Amino acid sequence: MSNTAAETSVIKLSDNAAKEIKSIIADQGLNAADTRLRVGVKGGGCSGFSYVLDLVEEAPGEMDEELEANCIKIVVDSKSLLYLEGVEIDFKDEVMARGFVFKNPNASSSCGCGNSFSA
């Protein structure tokens, strides 16, 4: 896998998601130039897999792919990338729910909370 950041359509970030991520980076006093959004998948959740989002300042590892979407640096491990290709991450701020939402074309089903899926 390549460790070079490239504008990608592999993982898409909506304008709302990018704005929220930039706001969180600023609120937490992180260095915007060195901070990356780590996106991943882990076993668990009500549908079999759950999404993982984290802000990290360390450089990508040997098994990571570094991408860029909507001016946000993204790091994803090669195993998670198999399940995340084409995913769109959005941010909703509504009366009944506030948080990141995943639109994953690889998911055969998703749970009601939207934080887990099966493939």
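The values are calculated or read from the model by the stated rules, or taken from the named source; none is laboratory data. Keep in mind that this is a model prediction, so the values were computed, not measured. Note: ideal-geometry Cβ built from the backbone for every residue, glycine included; neighbour counts use all protein chains shown.
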Inter-residue pairs, beta-carbon under 7 Å, first within 11 Å of Glu20 (Cβ to Cβ) and in region 80-106, second part of a strand (DSSP E or B) and of a type in the set (Gly, Ala, Ser), 6+ apart | Lys92/Gly99
Name every residue in region 6-31 that is surrounded by 12 or more Cβ atoms within 10 Å (Cβ to Cβ), over 22 Å from Asp93 (Cα atoms) and either modelled with pLDDT of 90 or more or among the polar types (S, T, N, Q) (or both), in order of residue number.
-> Thr8, Leu30
Members of region 54-73 found to be closer than 17 Å to Asp15 by Cα and either outside any loop (DSSP other than H, G, I, E, B) or touching a Cys at 6+ places or on another chain (Cβ under 7 Å) (or both), listed by number | Leu67, Glu68, Ala69, Ile72, Lys73
Residues located in region 76-91, provided they are in a helix (DSSP H, G or I), in contact with an Asp or Glu (Cβ under 7 Å, 6 or more places away or on another chain) and surrounded by 17 or more Cβ atoms within 10 Å (Cβ to Cβ) | Leu81
Here are some residues: Asn3, Asn115, Asn106. Which one is modelled with pLDDT under 90 and buried (at least 18 other Cβ atoms within 10 Å of the Cβ)?
-> Asn115
